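The values are calculated or read from the model by the stated rules, or taken from the named source; none is laboratory data. The model shown is predicted, which means the values in this text are computed figures rather than measured ones. Glycine also receives a Cβ, built like all others from the backbone with ideal geometry; neighbour counts cover every protein chain displayed.
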Amino acid sequence: MTEWITTREAAQRLGVKRTTLYTYVSRSLLTRRRRGSESLFDRAEIDALASTRHHPGSPLGVLPMRSVRSSVSEVREGELFLRGVPLADLADEPWDEVVDLVLGSAPSVDVAVPAHLTALPLRRRLPALAQWAGSQGERVAPAEAAGVAKGLLDAAPAVLGGHPEPDAPVPSGIFAALAGRPGTPREVATLNTTLVALVDHGLAASVVAARVAASARASAYDCLVAGYAALSGLLHGGIGPSALAVLRDGPPADPSSPVPGFGHWRHPEGDPRADAVLARLALVDGSAPALARLDDIASRTDRRPNIDGALAALVLTCDLPDTTAEVLFQIGRTVGLAAHVVEESEEDPLRWRATDPTA
């Protein structure tokens, strides 16, 4: 079935101006259809053109950034798939089984947690652990990122300040470390679903950063650190405090302003990640006030909660630290980042193509 994408996305995938797209249409290189006043393009045709080494009309000898093909995740008709399996079917599966689905059966690489890292702010600890582990011993190739990621995930409860019991599930250890208390079964189940929902969401900025590092054949640890750095951005995994403020204080007075935690351009009918988390959170004692607040803001802004809004509701309901959302993003996305790094390690090196904005 043909997947139609917007002019903006098509131009971004090809690295060309919008007007260049219409030139390609006039040359019968691309198919265009209309939807109201908007032009749509066949994604398969765009990707095929992007994968060629020479765009029509571009200077000879210039290698454009290729279109990235990935089997890690896909958003299709508003639904998120991980390795081809709908998120709705995975949301309640044990975290370790979802990790193995995405990363395969690679054995975990043991990571020791140095005591000094627990003095860092919570949101800095996992990236610091990856950087520290990467400085020990020999370089680990990006192709081995799956085992590296599993080792970091196993060590996550400890680096967050917890004292997990041997063989305890990672979600229960993470909840206890963040909350300073053991979680109830329903709280832990909600955290499990949250981590699954955060595994991957296509070529987000953090994934691109990690893949670029992998293309340059950086070590597996450094590739993950590159991903974590991008993830910390205020428009990415670092948006959590802003979404939390909206839930506590209400949306901006200007109805045209973005509302952190609400609305998502890829999910106009609702973010499936938020739906999965909120369905679980609704079973947790004391969640009613936060959920009612979400519903109130959604009705006032005409924007449904996205994953950031769901994370804010989880933080309020379970009385977790304000930076919890970014920490959970780091843990969940470690799986997706590693999967992309492994994929990229098997591709030809990436090369960015600069264009003159004044041309």
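Taking the criterion of being in contact with a strand residue (DSSP E or B) (Cβ under 6 Å, 6 or more places away or on another chain), modelled with pLDDT under 90 and not in a helix (DSSP H, G or I), would at least one residue in the range 347-355 satisfy it? No, because not a single residue in the range 347-355 is in contact with a strand residue (DSSP E or B) (Cβ under 6 Å, 6 or more places away or on another chain), modelled with pLDDT under 90 and not in a helix (DSSP H, G or I).
Condition test on Val199, is it assigned to a loop (DSSP other than H, G, I, E, B), assigned by TED's automatic domain parsing to the domain that holds Ala146 and not small (Gly, Ala, Ser)? It is true that Val199 is assigned to a loop (DSSP other than H, G, I, E, B), assigned by TED's automatic domain parsing to the domain that holds Ala146 and not small (Gly, Ala, Ser). Note on the range 2-24: among residues that are within 15 Å of Ala48 (Cβ to Cβ) and either among the aliphatic types (A, V, I, L, M) or in contact with a Gly (Cβ under 7 Å, 6 or more places away or on another chain) (or both), the one that is surrounded by the fewest Cβ atoms within 10 Å (Cβ to Cβ) is Ile5. State yes or no: is Gly173 under 25 Å from Thr317 (Cβ atoms), outside any helix (DSSP H, G or I) and in contact with a helix residue (DSSP H, G or I) (Cβ under 8 Å, 6 or more places away or on another chain)? So Gly173 does not fit the description; no. Within the option set Thr190, Thr118, being surrounded by 21 or more Cβ atoms within 10 Å (Cβ to Cβ) and either at positive phi or polar (S, T, N, Q) (or both) holds for one residue only, Thr190. Of the helices (runs of 4 or more DSSP H) lying entirely inside the range 202-308, those containing at least 2 residues that are within 30 Å of Val148 (Cβ to Cβ) span 205-215, 220-231, 240-249, 272-281.
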